[in-house]
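Down below is the structure, laid out as structure tokens.
Read-outs: derived from the displayed coordinates by stated rules, not from any lab. Source: prediction; values computed, not measured. Reconstructed Cβ throughout: ideal geometry from the backbone, glycine too, with neighbour counts over all protein chains shown.
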């Protein structure tokens, strides 16, 4: 159980996705939480990792993330718009499945976790295993 509200001020987040209305809304919400947000649709540079990575799992590919599959150097949030088993498997393979918010700590002590997100017309539904 979480006893205090997480503080994301000063965190750097990278959205790995093509630009569209959903990424604009996500960027706006993350900025409201205090994160410094950038977006790109090219492989992430392993030498300049952000504190948090949000990746379009529907269109992602293995070389998009600079670490070995299943061993993320930062927390990874998969953005899923479909329920295709192959895309879900790819997303899970990119990070350790976790849902415990108590793992949130300011890097470098932060532990990697994975949270699939499904975009719908009515908003974003978050679920974690």
Residue 23 fails exactly one of the following numbered conditions: (1) surrounded by fewer than 16 Cβ atoms within 10 Å (Cβ to Cβ); (2) without any contact (Cβ under 8 Å) to a residue 24 or more places away in the chain; (3) more than 19 Å from residue 95 (Cα to Cα). What is the number of that condition? (1)
Does any residue of the range 78-87 turn out to be in contact with a helix residue (DSSP H, G or I) (Cβ under 7 Å, 6 or more places away or on another chain) and part of a loop (DSSP other than H, G, I, E, B)? no
May I ask you to say which residue of 16, 35, 64, 52 is without any contact (Cβ under 8 Å) to a residue 60 or more places away in the chain, buried (at least 17 other Cβ atoms within 10 Å of the Cβ) and in contact with a helix residue (DSSP H, G or I) (Cβ under 7 Å, 6 or more places away or on another chain)? 16
Here the residues within the range 12-23 that are closer than 14 Å to residue 76 by Cα and over 11 Å from the mean Cα position of the chain (by Cα) are 12
Might you let me know whether the range 39-53 holds any residue that is under 13 Å from the mean Cα position of the chain (by Cα) and assigned to a helix (DSSP H, G or I)? no
